[in-house]
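Worksheet: the structure to be examined is printed underneath.
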Amino acid sequence: MKLINKTRILALLLTFALTISVIPGFAVAASKDIKVQLDGKQIAFDTKPQISNGSTLVPYRALAEKLKATVKYDSKTNKVSVVKGSKTVVLTIGSTNATINGKAVKLDAAPITKNGSTLVPLRFLGESLGVWVSWKASTATVSLETQKTIEHAMGKTTLKKVPERVVVLFNGMVDATTLLGVKPVGAVESYVEQPWYNFLKGKMSGVKNLGDETQPSLEAIVALKPDVIIGSKMRHEKIYSQLQAIAPTVMTEDIYSWKKTLEIGGIVYNKEAQASQYIADWDKRVADFKSQIGSKAAKTKVSVIRFNPDGSARAYMAGFATNIFKELGFDFPKAQKDAKSDIVTVKTLEQTSLLDGDYIFDFTTDWTGDGGVYKHQKEWTDSDLWKNLNAVKNKKYYKVNVVSWNMSGGPQAAKMMLDDLYFYFDLD
Amino acid sequence: MRGWQVTLAIFLLFAMIGCSSSPDSTGGGNAGSDGGGKEDRQQAVAPKKMEVADLSTGISMLSTLTKDFKQAVEADDEGQRKELVAQIAGVWEEIKADLEAQSGDTYPAVAQEMTAFLDSASGEAIDRELVIQQDYQLYQRFRDLGKALKE
């Protein structure tokens, strides 16, 4: 009987322990091991950081002082106000409702009181005050940075807070910026589907059109009073010093290396985790594609082309689409590789064989609007020389989407192009 | 009036009645006039009755079916091609009302592309390059719609 009673009690205790662990409010766990660093220096707290619903909570007063913010606590309303520069953040103990400059926001975890200290969500407070916040799982360290020095293609640029007024000067970065949930105040227009590519339009309402990627309006940029300008050395090297004079400027090397574009955006916008996750998801999909296509990729010569309004055509040995094919393990036509040029120009119909491959992907588009390039394309593709190309004879000549294969050049476009390749190579 | 004149008049009368009741007459003022030709071709597709749980499922099905269609065309599998066209038409019938309600801005373009595709993809002889191009357009379209619905 005694044994049965003991067993029952133990069972009851276990059940109780399991039950309270899944009740909200009981999911707060002290973590002795979480460290918080500000600009590389560890912050000591009287009350240890807590984790609630995946959020790290820290004593707000100690944190605010370190961030050189002023704090106020209203015991009647249980509200904590933290002010830094132009930002006022108000939290309420026990509530997931907060405001930033009067605008309502929802928190993942409510501020709590423990041992006489009020603990608030660290990431939320830091980000609200324009501080870079990152989590390093291997050392259980939350890292806060009040400024960020970014090494880029044209030097180093220091940002004094996470930018809010962002100007973006190339299409690939417009793609990356919207992907990361940031709306720029100004951006260069798209080449077609103007002013913004259709897949971006929904997120670009109210954004100032700064003109062509190759020649953005400096006057319009000045008027926007940006916190940061993101351009590309490939396009904007000559105006870099002028851009720097307007606002801190960060430059990518080129406009089509979308992973680098996304990484830079992630750093500037305090969205590194999101950027890294996107790339990780991409890598998984690439692995899946390669697994499905097997050895076929290495044996398949793909030719990426377009026709030009001047009566010529070109094959790409470098650039956005080509880089994706390389990443997937495809080969390229020998004649194009032998040309040893990023762009292989084909000036006459008689040279058409340079455009051949096992597959030809053509993203010709009429960006001048006069239809001339399509006439030229038809003239060549109606010819016997064209019809004699291997890809054409084998019915592997495809006209593809110029936005996702060439003109956008960003992470969302990359995913769309990869989707297309599942379509064209008959993969699941 | 002479007999031949009466006969001619009756003949002309019947000829006129016949024209105005034809579904192909122009200016007939009903849905079966100018648009009747396209509707006739669509109905020639005979959409297959498809089980579609909801809009999201339907869009996902169409993404898959458009891929399968391309493969069928390239494999010269006439039977499969026709079956897939009927399935695509069937799923479209099931979802189009919901799609219009949910994506009113995009719907007209999608409907137009679907009409053009079904028009080209049905029948015995098809323009292979054209249908694959139209199929690709629909594949992209449904991919984007699927993504938009999730957001």
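Residue count for region A:181-202 satisfying the condition of being in a loop (DSSP other than H, G, I, E, B), within 14 Å of chain B (Cβ to nearest Cβ) and either more than 14 Å from the chain's Cα centre (by Cα) or of a type in the set (A, V, I, L, M) (or both): 3. Pairs meeting the criteria (first residue in region A:36-59 and in the same structural domain as A:Gly126 (by TED's automatic domain parsing), second residue in a strand (DSSP E or B) and of a type in the set (Ser, Thr, Tyr), beta carbons under 7 Å, at least 6 apart or on different chains) are A:Gln37/A:Thr141; A:Gln37/A:Ser143; A:Asp46/A:Ser117; A:Thr47/A:Ser117; A:Pro49/A:Thr56; A:Pro59/A:Ser117; A:Pro59/A:Thr118.
Taking region B:90-105 on its own, how many of its residues are touching a residue at least 24 places away in the same chain (Cβ under 8 Å) and touching a helix residue (DSSP H, G or I) at 6+ places or on another chain (Cβ under 7 Å)? Outline the logic, then answer.
Taking region B:90-105 as the starting set, the residues that turn out to be touching a residue at least 24 places away in the same chain (Cβ under 8 Å) are B:90-95, B:98-99, B:102-103.
Filter once more, keeping what is touching a helix residue (DSSP H, G or I) at 6+ places or on another chain (Cβ under 7 Å): B:91-92, B:94-95, B:98-99, B:102-103.
The qualifying residues number 8.
Just one residue in the set B:Gln87, B:Gln80, B:Gln71 is in contact with a helix residue (DSSP H, G or I) (Cβ under 7 Å, 6 or more places away or on another chain) and within 17 Å of A:Asp428 (Cβ to Cβ); that residue is B:Gln80.
Applying the selection to region B:84-130, what residues are small (Gly, Ala, Ser) and either closer than 17 Å to B:Thr64 by Cα or within 14 Å of chain A (Cβ to nearest Cβ) (or both)?
B:Ala86, B:Ala89, B:Gly90, B:Ser103, B:Gly104, B:Ala109, B:Ala121
Can you find, within region A:403-428, the residue that is surrounded by the fewest Cβ atoms within 10 Å (Cβ to Cβ) among those that are outside any helix (DSSP H, G or I) and in contact (Cβ under 8 Å) with a residue 12 or more places away in the chain? This residue is A:Asp428.
Considered as a group, the residues in region A:403-417 that are within 11 Å of chain B (Cβ to nearest Cβ) and more than 21 Å from A:Thr364 (Cβ to Cβ) include one that is farthest from the chain's Cα centre (by Cα), and that residue is A:Lys415. The residues of region A:375-392 that are under 12 Å from A:Ala313 (Cα atoms) and touching a Phe, Trp or Tyr at 6+ places or on another chain (Cβ under 6 Å), listed by number, are A:His376, A:Gln377, A:Trp380.
Looking only at region B:53-64, decide whether some residue is away from every other protein chain (no Cβ under 14 Å), surrounded by fewer than 18 Cβ atoms within 10 Å (Cβ to Cβ) and outside any helix (DSSP H, G or I). Looking through region B:53-64, at least one residue is away from every other protein chain (no Cβ under 14 Å), surrounded by fewer than 18 Cβ atoms within 10 Å (Cβ to Cβ) and outside any helix (DSSP H, G or I). Only one entry in A:Thr368, A:Thr352 is more than 12 Å from chain B (Cβ to nearest Cβ), of a type in the set (Val, Ile, Thr) and in a helix (DSSP H, G or I), namely A:Thr352. Residue count for region A:387-401, restricted to those that are away from chain B (no Cβ under 13 Å) and surrounded by 13 or more Cβ atoms within 10 Å (Cβ to Cβ): 2.
Would you confirm whether or not region A:275-293 contains a residue that is assigned to a loop (DSSP other than H, G, I, E, B) and either at pLDDT 95 or above or exposed (fewer than 14 other Cβ atoms within 10 Å of the Cβ) (or both)?
So the first thing to find is which residues in region A:275-293 are assigned to a loop (DSSP other than H, G, I, E, B), and the list is none.
Looking through region A:275-293, none of the residues is assigned to a loop (DSSP other than H, G, I, E, B) and either at pLDDT 95 or above or exposed (fewer than 14 other Cβ atoms within 10 Å of the Cβ) (or both).
The values are calculated or read from the model by the stated rules, or taken from the named source; none is laboratory data. On a predicted model such as this, the values are computed, not experimentally measured, just so you know. As a convention, Cβ positions derive from the backbone with ideal geometry for all residues, glycine included, and neighbour counts pool all protein chains shown.
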